[in-house]
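Below is one structure, written out as structure tokens, with a few remarks after it.
The values are calculated or read from the model by the stated rules, or taken from the named source; none is laboratory data. Computed from a prediction, not measured in an experiment: that's the story for all the values here. Backbone-built Cβ (ideal geometry, glycine too); neighbour counts: all protein chains shown.
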């Protein structure tokens with residue numbers, strides 16, 4: 001699972017000493033004002049947010065589940081692209097929906113085909129779902145592309161879910177939150193589990209403007225999603241901007257080294273250097289997951305992702321890259 005290879009913020013660790021454990025016996029404050037104010041401050045250089053436009057969830061997947069509860073019923077069609085976060089496809093099917101997708105093509109190096117995607121949008125769809133950055137390739141879609149898709153979807157009255165679980169690894173200005181003021185049909189989902197390094201805490205959130213926030217509020221139950229005695233961990237994590245900047249810098253260096261070693265040996269799907277995952281493929285090594293495993297390299301099998309086969313695998317970029325580089329160099 002995709003976690004930050006460098007753990008979490010040192011500031012977040014320090015405040016664990018100040019947790020009010022006596023608060024364990026009471027229910028959390030469902031307003032979560034402290035956390036929401038910290039989120040507002042975090043995005044203040046990008047856009048202006050209000051507390052009633054922020055909804056917390058028990059991880060970002062919990063938010064996606066509630067969004068599907070709102071938008072999808074039996075027979076509803078969702079437009080996405082593949083490969084991307086495969087669990088969302090399962091969530092659509094659980095609600096009786098149909099997941100249509102635009103394929104990332106091997107001959108195009110799995111680069112997002114935004115023109116094909118735009119042309120596919122029509123009024124038969126109930127929802128559009130996009131993960132950005134993409135899991136499993138680690139590529140980043142430019143905000144101009146996201147805006148064009150959102151605008152086209154708005155013409156048909158289609159809500160657009162932007163899943164930015166890996167979003168803290170890209171510049172805040174590239175987040176869909178930067179354009180949320182302009183589009184009432186845009187719903188941006190974020191996570192504290194990936195770049196911010198708090199996977200064990202299980203907290204995600206939704207940013208939504210306009211009338212959709214009122215509809216979401218009706219499915220946003222139960223109201224208690226997080227133990228508020230841990231709120232200081234969240235606020236200090238958001239305050240520590242240097243942590244994620246340093247993580248992105250280190251990941252960029254390590255990923256560049258890995259790609260350099262892999263060139264000529266593997267197919268390297270379109271990817272961004274600051275995202276700590278990438279997809280590799282091979283035409284002559286059979287099951288690539290097993291091939292890597294025999295060489296002591298743990299990956300996610302390509303077969304876990306729609307539109308990838310057993311000759312592909314997703315790698316995570318570790319904090320200590322040297323051992324992985326050594327193993328990769330030995331693979332013929």
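Across region 159-172, what is the number of residues that are farther than 18 Å from residue 43 by Cβ and either in contact (Cβ under 8 Å) with a residue 60 or more places away in the chain or over 21 Å from the mean Cα position of the chain (by Cα) (or both)?
As a first pass, look at region 159-172 and keep what is farther than 18 Å from residue 43 by Cβ: 159-161.
Add one more test, that the residue is either in contact (Cβ under 8 Å) with a residue 60 or more places away in the chain or over 21 Å from the mean Cα position of the chain (by Cα) (or both), and what stays is 159, 161.
Residues in region 159-172 being farther than 18 Å from residue 43 by Cβ and either in contact (Cβ under 8 Å) with a residue 60 or more places away in the chain or over 21 Å from the mean Cα position of the chain (by Cα) (or both): 2 in total.
If residue 175 satisfies every condition in (1) over 27 Å from residue 243 (Cβ atoms); (2) crowded, with 16+ Cβ neighbours inside 10 Å but one, which is the exception?
(1)
Considering each of 311, 254, 307 in turn, give the residue that is crowded, with 17+ Cβ neighbours inside 10 Å, outside the structural domain of residue 166 (by TED's automatic domain parsing) and modelled with pLDDT under 95.
307
So how many residues does region 269-290 have that are in contact (Cβ under 8 Å) with a residue 40 or more places away in the chain and in contact with a strand residue (DSSP E or B) (Cβ under 8 Å, 6 or more places away or on another chain)?
Within region 269-290, residues that are in contact (Cβ under 8 Å) with a residue 40 or more places away in the chain and in contact with a strand residue (DSSP E or B) (Cβ under 8 Å, 6 or more places away or on another chain) number 7.
With the requirement that a residue be touching a helix residue (DSSP H, G or I) at 6+ places or on another chain (Cβ under 7 Å), surrounded by 13 or more Cβ atoms within 10 Å (Cβ to Cβ) and over 17 Å from residue 135 (Cβ atoms), what does region 291-304 give you?
297
Of all the residues that make up region 313-332, how many are touching a strand residue (DSSP E or B) at 6+ places or on another chain (Cβ under 7 Å) and without any contact (Cβ under 8 Å) to a residue 40 or more places away in the chain?
Of the residues in region 313-332, 1 are touching a strand residue (DSSP E or B) at 6+ places or on another chain (Cβ under 7 Å) and without any contact (Cβ under 8 Å) to a residue 40 or more places away in the chain.
Only one residue in 278, 288 is modelled with pLDDT of 95 or more, closer than 18 Å to residue 166 by Cβ and either out of contact with any helix residue (DSSP H, G or I) (no Cβ under 6 Å at 6 or more places or on another chain) or crowded, with 21+ Cβ neighbours inside 10 Å (or both). Which one? Let's see the steps before the verdict.
Numbers: 288 fails: closer than 18 Å to residue 166 by Cβ.
Only one candidate passes the filter, namely 278.
Being buried (at least 19 other Cβ atoms within 10 Å of the Cβ) and touching a strand residue (DSSP E or B) at 6+ places or on another chain (Cβ under 9 Å) is the filter here; which residues of region 199-211 pass it?
203, 204, 205, 206, 207, 208, 209
From the list 220, 132, pick out the single residue that is crowded, with 24+ Cβ neighbours inside 10 Å and either in contact (Cβ under 8 Å) with a residue 12 or more places away in the chain or farther than 30 Å from residue 258 by Cα (or both).
On inspection, the qualifying residue turns out to be 132.
Right, residue 142: assigned by TED's automatic domain parsing to the domain that holds residue 69, modelled with pLDDT under 95, closer than 27 Å to residue 244 by Cβ and surrounded by fewer than 16 Cβ atoms within 10 Å (Cβ to Cβ) or not?
Values: assigned by TED's automatic domain parsing to the domain that holds residue 69: yes; modelled with pLDDT under 95: no; closer than 27 Å to residue 244 by Cβ: yes; surrounded by fewer than 16 Cβ atoms within 10 Å (Cβ to Cβ): yes.
Answer is no for this residue.
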